[in-house]
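*Asks:* My questions will all concern the structure given below.
What follows draws every value from the coordinates through simple rules; no lab data is involved. Being a predicted model, the structure only gives us computed values, none of them experimental. We place every Cβ from the backbone using ideal geometry, glycine too, and count neighbours over all the protein chains shown.
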Amino acid sequence: MRHPMTFALAAAAMLAVLSGNVLADKFEGRKKCSSCHKSQAESWGSTAHAKAMDSLKPKTKAAAKTKAKLDPNKDYTKDKDCVGCHVDGFNKEGGYTLADPNKFTAAVGCESCHGPGSKYRGMHRKSGADFEKSKKTAPRQGLADAGQDFHFEESCNACHLNYEGSGWKGVKKPYTPFTPQVDKKYTFDFKKYVRDSKAMHEHYKLDGTFVGEPMFMFHKDFQAVAKVGEKGSDD
């Protein structure tokens, strides 16, 4: 005879698994971010990060690949040792996978810097609506607690400084073949390149919904010269 307690325990276990999946940090893809941050997304579209996957295709960046002792005729878009630095959330929940590639996580997009958005994106939407309605602000710390990254220097270092001898503490295989020894242009200075709109994206005025710390190190500098952008509407 099947004991009712068996079913109860099984149901509880299943609920715990499902709840864990719901609560886990999950990559959502830049389409979700772009639905509200329209100007940022359009600006990002012309950056080097937006073309990151294209650079892995055969006959692209041929001179650079040859200099780094890579085969310029090879298709590296299926190479697991390369793809991770050219997409969002490689092999992580909701992120890019070779088995099921998603065009909205291909390339180095929003979540590569700001973190997987499954928890904090909804907070942006709700708090933004509250601010529009009554000018009610929300603590930025809530976003950080939900997984939004306000520093992200280590995320950049994980690709740009991941070569032997770089001095970065997180160095591990597979290493990037594009090192300063190959070409000085691969010397990476986070504080310099994070200000480069050709690599990142242009910055636009934020409406003031979120207040307090944590704050990105150049937040005030960016906002002081930011343009007024066009907002989308979240679907």
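*Asks:* Under 5 Å between amide hydrogens, which residues at least 5 positions from Glu28 or on another chain qualify, with H placed 1.01 Å from N in the peptide plane?
*Replies:* Under 5 Å from the amide H of Glu28: Gly117, Ser118.
*Asks:* Further question on the same structure: Using amide H atoms built in the peptide plane, which far-off residues or other-chain residues are under 5 Å from Val87 H to H?
*Replies:* Ala107
*Asks:* For the range 208-217, take each phi angle, set θ = phi - 60°, evaluate the Karplus expression 6.51 cos²θ - 1.76 cosθ + 1.60, and give the result in whole Hz per residue in order, putting x for glycine and proline.
*Replies:* So the Karplus estimates, Gly and Pro as x, are x, 4, 9, 10, x, 8, x, 9, 4, 4 Hz.
*Asks:* Also: So in the chain, which Cys have no other cysteine's beta-carbon sitting under 4.7 angstrom from theirs?
*Replies:* Cysteines lacking a close Cβ partner in the chain: Cys36, Cys82, Cys113, Cys156.
*Asks:* Right, another one. Taking a cut-off of 18 Å, what percent of all Cα-Cα pairs in the range 127-230 are separated by more than that?
*Replies:* It works out to 61 percent of all Cα pairs.
*Asks:* Which of the trypsin sites (Lys or Arg not before Pro) across the range 195-235 are loop residues per DSSP, with 16 or fewer other Cβ within 10 Å?
*Replies:* Arg195, Lys198, Lys205, Lys231
*Asks:* Using the number of other C-beta atoms within 10 angstrom as an exposure proxy, rank Val228, Val194 with the fewest first.
*Replies:* Ordered from fewest to most neighbouring Cβ atoms within 10 Å, Val228, Val194 come out as Val228, Val194.
*Asks:* Karplus couplings for the range 130-138 from phi (6.51 cos²θ - 1.76 cosθ + 1.60, θ = phi - 60°), rounded to Hz, Gly and Pro as x?
*Replies:* Each residue of the range 130-138 in turn: 5, 5, 4, 7, 9, 6, 6, 8, 9 Hz.
*Asks:* Related question: List the residues, sorted by chain then number, that are 5 or more residues from Phe210 or on another chain and whose placed amide H is less than 5 Å from its amide H.
*Replies:* Ala138
*Asks:* Given Lys31/Lys220; Lys59/Lys227; Lys59/Lys185; Lys57/Lys169; Lys26/Lys78; Lys32/Lys59, which pairs have Cα atoms separated by over 25 Å?
*Replies:* Correct reply: Lys31/Lys220; Lys59/Lys227; Lys57/Lys169; Lys32/Lys59.
*Asks:* Follow-up question, since we're still on this one. For the range 146-235, state which GluC sites (Glu not before Pro) are in a DSSP loop and have at most 16 other beta carbons lying within 10 Å of their beta carbon.
*Replies:* Passing sites in the range 146-235 are Glu164, Glu230.
*Asks:* Can you put Trp168, Trp44 in order of Cβ neighbours within 10 angstrom, beginning with the fewest?
*Replies:* Exposure proxy ranking, most exposed first: Trp168, Trp44.
*Asks:* Rank these for me by crowding, Asp207, Asp149, going from fewest to most other beta carbons within 10 Å.
*Replies:* Lowest count first: Asp207, Asp149.
*Asks:* Moving on. Over the Cα atoms of the chain, what is the Rg over Rh ratio if Rh follows Kirkwood?
*Replies:* Looking at the chain, the ratio lands at 1.04.
*Asks:* With a cut-off of 8 Å between alpha carbons and a minimum separation of six or more residues, what is the relative contact order of the chain in percent?
*Replies:* So the answer I get is 25 percent.
*Asks:* What full-extension length gain, to one decimal in nm, is calculated for Ser46 and Lys78 as 0.36 nm per residue of separation minus the Cα-Cα distance?
*Replies:* 9.2 nm
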